[in-house]
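Reading through the structure tokens given below for one structure.
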Amino acid sequence: MSGRNKLYLALDLAIAAAFVLSLGTGFVWLAGGSGRTGLAPLGVARGTWGDMHTWFSLVMIAGAVVHLALHWEWVAAMTRRLREGKAKKARRNYVLDWALGLVLIVATVTGVPFLLAGGGYEGGRNLAYVAAPLGLDRGVWSDLHTWFGLGFLVVLVLHQALHWTWIKNAAVRAGRPHAAALRPGEVAVRAD
């Protein structure tokens, strides 16, 4: 497996791990009731679950930005080829990838007001609290963020299904010793 593909696989696995952790901590935070103190699954305060959700999400977003940067040549080439009427088979992949990016952007943007609005009301003690960022009630922001986050999950599952052969082959190749890494006299054995 080439160094570039190893990088792609490692990055994609890191993004996947951050996504799973973001999703899990988000669900625990939502189920925890209201306020920073709410329910404390595993002995962890509700507010801490929300903080973990934010940090895992930021890691996932940073990984997605790096992923896009590493694949930008592909995006540019596919855009050109599709404009020229070529690569019709890749159209589904291209459209799905754009949908994935757009849903991630909207999920991120709808989460930003919670990051900037200073947490919960806390009985009036939180002076940074904003009840309606940009004129929308916090409940509306929360619903939009939740639904676009779930939409991201759906599009991501479709994206993974479309790329499953590459994922499977990359994982298998990553587990095989590279011929150049073998010592004299050793032979690489195919697992398939």
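Bear in mind these aren't lab numbers, they're just calculated from the coordinates by the rules spelled out. Keep in mind it's a predicted model, so treat the numbers as computed, not measured. Here the Cβ positions follow ideal geometry from the backbone for every residue, glycine too, while neighbour counts run over all protein chains shown.
Could you list S57, S142 in order of exposure, starting from the residue whose Cβ has the fewest other Cβ atoms within 10 Å? Please list the in-between numbers first.
Working: S57 23, S142 15.
Going from least to most buried by this count: S142, S57.
Less than 15 Å Cβ to Cβ from P113, Lys/Arg counted +1 and Asp/Glu -1: what total charge do the surrounding residues give? Intermediate results must be reported in sequence, preceding the final value.
On the way: positive: R138; negative: D137, D143.
Neighbour charge sum, excluding P113 itself: -1.
With an 8 Å Cα cut-off and a minimum separation of 6 or more residues, compute the relative contact order for region 7-85 in percent.
Numbers: 65 pairs, mean separation 26.1, N = 79.
For region 7-85, the relative contact order is 33 percent.
Toward the positive end of the charge dipole of region 3-176, about the Cα centre and with charges on Cβ (Lys, Arg +1; Asp, Glu -1), which of N5, Q160, A87 goes farthest?
In region 3-176, that residue is A87.
Would you mind putting 143-151, 78-86 in packing order, based on average other-beta-carbon counts within 10 Å, highest first? Intermediate results must be reported in sequence, preceding the final value.
Working: 143-151: 17.1, 78-86: 11.7.
Packing order, densest peptide first, comes out as 143-151, 78-86.
Over region 3-176, what is the relative contact order in whole percent, taking alpha-carbon pairs under 8 Å and six or more residues apart?
Details: 136 pairs, mean separation 36.3, N = 174.
Worked out over region 3-176, it gives 21 percent.
Given Cα positions, please report Rg to Rh for region 3-176, the hydrodynamic radius being the Kirkwood one.
Working: Rg = 19.0 Å, Rh = 18.1 Å.
We get a ratio of 1.05 for region 3-176.
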